[in-house]
Amino acid sequence: MRAHQNLAEEEPSNENSTAKKLKQVPEWYLMIGMAPHKKKHAAVIMTQDAIVQTKFKLTNSRDSFEEVLQRAKAEMLKTGSRGVVQ
C-alpha cells in the first residue's frame, strides 16, 4: 500500500507558472505570443522579461505571416535581441 504524502510537508513554490516559463526563454531573445481567431489573430512581441514591445492584429493569410516575421526582425534590431521564440 502506498503511503499518503502530507501536502503540508511540501515546500511551497515561490514562483508562478509565468515565472517558470520565462526561465525557459534564452537570454536576449524575444517572445511572440499569438491568439488565433476565426478571421483575425492577435499577436504580441515581448522581451525575455515579459515587457510588451508591440501588439498587433493580423488576418489569416501568407502576407500576414510575412508581416509577423518582418515585425519580429524589426523588434530584434530595436532591442538588440539574438532571436525569437514562439
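The table below gives the values:
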read-out: Filtered residues of region 31-86 (kept if hydroxyl-bearing (Ser, Thr, Tyr), touching a strand residue (DSSP E or B) at 6+ places or on another chain (Cβ under 6 Å), under 25 Å from residue 17 (Cβ atoms) and not in a loop (DSSP other than H, G, I, E, B)); value: 54
read-out: Filter result (in contact with a Lys or Arg (Cβ under 7 Å, 6 or more places away or on another chain) and of a type in the set (Ser, Thr, Tyr)) within region 20-78; value: 29, 54, 59
read-out: Candidates 25, 52, 44 - the one that is modelled with pLDDT under 90 and not aromatic (Phe, Trp, Tyr); value: 25
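The values are calculated or read from the model by the stated rules, or taken from the named source; none is laboratory data. Quick caveat: nothing in here was measured; it's all calculated off a predicted structure. Virtual Cβ from ideal backbone geometry, glycine too; neighbours counted across all protein chains shown.
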